[in-house]
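S.K.: First the structure, which I've put down as C-alpha cells, then a few questions once you've had a look.
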Amino acid sequence: MARGSVKNLGERKQLKNVLEEFNFGVFLHTTQKSLLWILLFFIVSIAVALFYLRHTQQVYSSTTTLMRKVTTQTQILGVEELLQEDKSEIDIEIQLLKSKFLVSEALDTLPLRVDYYTKGRISQTAFYKNAPIEAVFVDANEQTEEVALELLTENKLTYSLDFKIDYTDYSYKGEFGKLLKTPFFDVTISTVDDGIQAGQLYVIKRRNYSQVIDEIVAKLEVSPLNYNSNTLKITFEDTNPRKAYEIVNTLSQYFIEFDRIKKGESIQNTIAFINEQIDNFGKQYFSAQDSLKKFRLQTGFLDPTLQMEKNLDQIEQIESDLIEVEVNQSSLNWLKEYLESKNDLTALLGIILSDQSLNFQGSVERIIELQDERNLKLLNVTPDHPTILLINRELAELKLNLLSQIELANEKQQTERLALKENLQEAYALLYTLPDLEFDYAEIQRDNELKQAFYLGLVEKKNMYLISQAGIVSDYIVLQKAAFNDEPIAPNVLLIRMAGVAIGFLLGLALIVIRYIMHTKLATLNEIEGSCNANILGIVPKNKVNLERSAIVVTENPKALIAEAFRSIRANMEFLEDKNGSKVITTTSTIPGEGKTFVGINLAAIFSLLDKKVIILDFDLRKPRIGKIFNSDSQKGISTIIIGRSTIQESIQSTGVNNLDFIPSGPVPPN
C-alpha cells in the first residue's frame, strides 16, 4: 500500500543515493537473485579456459650457455698478435649466431625440409623424427613448396593423396613404398611402423628451406648472459621439445666449430707463406752446403786459420745486410702479388718484415677492419647497398695506396742492394792480398753459415705455427649444455585455470554491482521509511495460497501468519487516533494489481471481529472488484447513490461475515 504511493519518489532518491549509502540487505538480495547467472558465468569462463588449454599447442623451450674463454697457448708460442681479438665485445658473435647464413648452414643436417602432422577439427599435432610415414620427393619444383598434401590411408598398403595448387584440386592413388608420379613432383611415401590403420589422415608439407630458417631465426633468442664473464645464452622455443633441443645443440656446436675454423685460417695462410720462403731459401742453403763439400773434397782444405777476421767480419755484415735486403725484396714482391690476387688479407697479420720501416700493418689492419665491417653489414643488406659501395670504394683506395707504398719500398730496397753490392766489392778487394785458398774457403763457409741460419730460422718459425695450429680451439665452450625438457612453458595451465575462475567471478561481481546500482524498488522497511514521511503500520506477508481473485482470509484461519499481520495493523491503527465515533480507512494504489482490494476487505474483516459494525465501500467505478468477490449483482451501489437512483440502505449488502457489510460500486458509468 505505502510502497505503491511513493514509488516514483523512491526511484529518484534511490538513484541519487545508491552510490553514497551501501545497503547490505539489498546487495545480499541482488546477489541471491543473480546466483544462477553467476554460476553460468563460472561455467562458461572455466569451459572457455579448458577449451583453450585443450586446443592450444604447448610450447617447449631449450637453452644452452656458451662462455668465451681466454687461453695463454698463443702467448707462449709468440703468435698472440695473430690471433688477438676483442675480448670485451660479443655483440658481433650475437649477430652472427642470429644470422640467416649461420643458422642455415648449422641446421642443414636436420630434417626441416618436410613437415608431417595430423589434422584435427580445430588443432593439429606436428611430428618430428617420430612420424609414422616418410616422404622422399624427387624432381619437385618450387610450386609445390608450402603446399599441404593430405594423405588418407585406405589400408596398410594403399593411400590417397589430395592437394590444391593454383585453386585446382588434385587427387592421386598410391601404394606405400612405391614411387608416385604427378605433374608437379615424384614422391615415394613409406610407412615407418606397422601402426598405420585405414582412415587415418596425415598432412605432408614440403617446406621452403629459406622460409623455415626465417621462422627459426624469428623464434631464436641470443642474448649476453653476462658481459663481464663473456657468456652467451641461446634459447629456442617450439611446439616440439625434441626439435627445440636439437636446434639449440646443433647451432651451438656448429658455432664453436665455425669459430675454430676461422681462427685456424690466419695461421694456415702464414704457414703457406713460410713454406714458400723455405722452398726458395732451402735451395740456396743446400747449394751452399754442396759447394762447401765440393771445395773440401777437391782441395782437402778442412781447417783454415782465420787471420783476416776483421776483414771477414766486415764482409759478413755486408753480406748479411744484402741477404736481408733480398729477403725484403722477395717479401715485398710476394706481398704485391698477394694484394693483386687475393681479397682476404687476414694472412698478412702474421707477416713482419725485418726492416721495421717496411711494415704496413696499419694499412693492412685498416683494410681487414673494413672487410669485417662489410661482411657484417652484408648479413642484413645487399651488395649494391650505398653503405657497401662506400666501403668498397674506401677499400680500393686503401689497397691502391698500399701498393704504391710497396712499390716505393721496393725501389728503396733496390737502391740499398746496389749500394751493398758496391761495398761488398770494395771489401773483397781488401782480401785479394790474402792466400787464395783460405779466402775461397772462408767465402764458401760464410755463405753456408748465413744461409743455414736463415733457413733453420724459417723452419723453427714454421714448427712454432704448426704446433699452434694443432692446438687451436674455439674461444667458446659449452658452459651449460641444453637438456631435453618435455615440460611445456606455455600455456600456463594453472594461470589460465585461475584466470577462468577469476573472469567468472569478476563477471558475476559486475552483474551484481550493475543490478545493485540499477535497483530502484523499495523492498525493505528502511527504504520505505527513508523515502516517505508516512508511518509504517505493519507488513502484510504474501499469502501462501494462490487466489483467483481477492478474498477474505483472516476469518478462515485466525491463527495464520497473515491473520496475525492484519491484527497487528489493526492494533497500531487503534492507537493513531482515540476519538469516539466512526472511522474511515481508505486503501488505494497507483496501478491495478498492487493489492488494495485484498488489503481493504481483510482489514475490514479483522475490525469486524471486534464486534464493530464495518462497511466496505467500493469507489472503483472503472474496474469494480467488490461485487465480484461477494457474488453481488451490483445493480445498486455507489454510482446509483450518487445519481439518486437508490438510497444507501437499499444499496447495503451482506458479506456473510458478522458485522461486515458492503456497498458495491454499482453499474459502471458510460463515461
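S.K.: Would you mind checking Lys119/Lys205; Lys100/Lys377; Lys336/Lys399; Lys69/Lys461 for any pair whose Cα atoms are more than 18 angstrom apart? Walk me through the intermediate numbers first.
M.R.: Working: Lys119/Lys205 12 Å; Lys100/Lys377 13 Å; Lys336/Lys399 10 Å; Lys69/Lys461 26 Å.
Long pairs (Cα-Cα over 18 Å): Lys69/Lys461.
S.K.: So if we plug the beta-carbon distance of Glu487 and Lys421 into 1/(1 + (r/R0)^6) with R0 = 60 Å, what FRET efficiency do we get, rounded to 0.05? Mind dumping the intermediate values first?
M.R.: Numbers: r = 81 Å, r/R0 = 1.35.
In this case the efficiency is close to 0.15.
S.K.: Still on this structure, I have one more. Give me the accessible area per residue for the chain, probe 1.4 Å, as a whole number in Å².
M.R.: Dividing the accessible area of the chain by its residue count gives 60 Å².
S.K.: Using alpha carbons only, how many degrees (0 to 90, rounded to 10) separate the axis of helix 309-341 from the longest principal axis of the chain?
M.R.: Helix 309-341 and the main axis of the chain meet at about 40 degrees.
S.K.: So how do 263-276, 654-667, 547-560 stack up, highest first, on mean other-Cβ count within 10 Å?
M.R.: Descending packing order for the listed peptides: 654-667, 263-276, 547-560.
S.K.: Can you grab the distance from the C-alpha centre of region 163-222 to the C-alpha centre of region 564-636, Å, no decimals?
M.R.: 89
S.K.: Accessible area, 1.4 Å probe, largest first: how do Asp214, Asp238, Asp169 sort?
M.R.: Asp169, Asp214, Asp238
S.K.: Search the structure for amide H atoms under 5 Å from the amide H of Lys69, placed 1.01 Å from N in the peptide plane, and list their residues when 5 or more places away or on another chain.
M.R.: Sorted by chain and number, the residues that satisfy this are Tyr476, Ile477.
S.K.: Specify the angular offset, from 0 to 90 degrees and rounded to the nearest 10, of the alpha carbon long axis of helix 561-574 from the longest principal axis of the alpha carbons in the chain.
M.R.: Once rounded, the angle reads 70 degrees.
S.K.: Return the carbon/sulfur percentage of the accessible area of region 534-649, one whole number, probe 1.4 Å, all protein chains in place. If you can, show how the numbers build up before the last one.
M.R.: Working: 4280 of 8100 Å².
Solvent-exposed carbon and sulfur of region 534-649 make up 53 percent of the total.
S.K.: Also, I was wondering about something else. Within 12 Å, Cβ to Cβ, of Lys462, how many net charges do the neighbouring residues add up to if Lys/Arg are +1 and Asp/Glu are -1?
M.R.: Result for the neighbourhood of Lys462: -2.
S.K.: Right, something else. Which ³J(HN,Hα) values, rounded to whole Hz and listed in residue order, are derived for region 625-634 from phi using the Karplus coefficients 6.51, -1.76 and 1.60 in 6.51 cos²θ - 1.76 cosθ + 1.60 with θ = phi - 60°, glycine and proline given as x?
M.R.: Karplus values, whole Hz, x for Gly and Pro: 10, 4, x, 5, 5, 9, 6, 9, 7, 6.
S.K.: Which far-off residues, 5 or more places away or on another chain, put their amide H under 5 Å from the one on Ile165, with H placed in the peptide plane?
M.R.: HN-HN under 5 Å from Ile165: Tyr170.
S.K.: So if each residue of separation counts as 0.36 nm, and I subtract the Cα-Cα distance between Ser341 and Asn228, what length gain in nm does that give?
M.R.: Difference between extended and current length: 36.6 nm.
S.K.: What residue among Gln124, Gln143, Ile165 has its Cα farthest toward the positive end of the dipole of region 124-170, where the charges are +1 on Lys, Arg and -1 on Asp, Glu, each on the Cβ?
M.R.: Sorting the options by dipole projection puts first Gln124.
S.K.: How far is the Cα center of region 477-507 from the Cα center of region 114-135, in Å?
M.R.: Between the Cα centres of region 477-507 and region 114-135 lies a distance of 24 Å.
S.K.: Just how large is the dipole of the chain about the Cα centre, in debye to the nearest 20, putting +1 at every Lys and Arg Cβ and -1 at every Asp and Glu Cβ? It would help to have the intermediate numbers written out before the result.
M.R.: Values: 71 positive and 88 negative charges, 1609 e Å.
That gives a dipole near 7720 debye.
S.K.: For the chain, what does -39500 (n - 2.57) per DSSP helix run (n ≥ 4), summed and divided by total residues, give at 222 nm, in deg cm²/dmol to the nearest 500?
M.R.: About -17000 deg cm²/dmol.
S.K.: What FRET efficiency comes out for Glu142 versus Val44 if R0 is 45 angstrom and r is the Cβ-Cβ distance? Round to the nearest 0.05. Can you show the working numbers first?
M.R.: Details: r = 47 Å, r/R0 = 1.05.
Efficiency at R0 = 45 Å is approximately 0.45.
S.K.: So what J values fall out for region 413-424 if you push phi through Karplus, 6.51 cos²θ - 1.76 cosθ + 1.60 with θ = phi - 60°, rounded to Hz, Gly and Pro as x?
M.R.: 5, 5, 4, 5, 5, 5, 5, 5, 5, 5, 5, 5
The values are calculated or read from the model by the stated rules, or taken from the named source; none is laboratory data. The shown structure was predicted, so the numbers you read here are calculated from the model rather than taken from an experiment. Every residue, glycine as well, gets a Cβ built from its backbone with ideal geometry; the counts of neighbours run over all protein chains shown. These area figures cover heavy atoms from the full protein model, side chains too; ligands, DNA and RNA do not enter into them. Shrake-Rupley method; radii C 1.70, N 1.55, O 1.52, S 1.80 Å.
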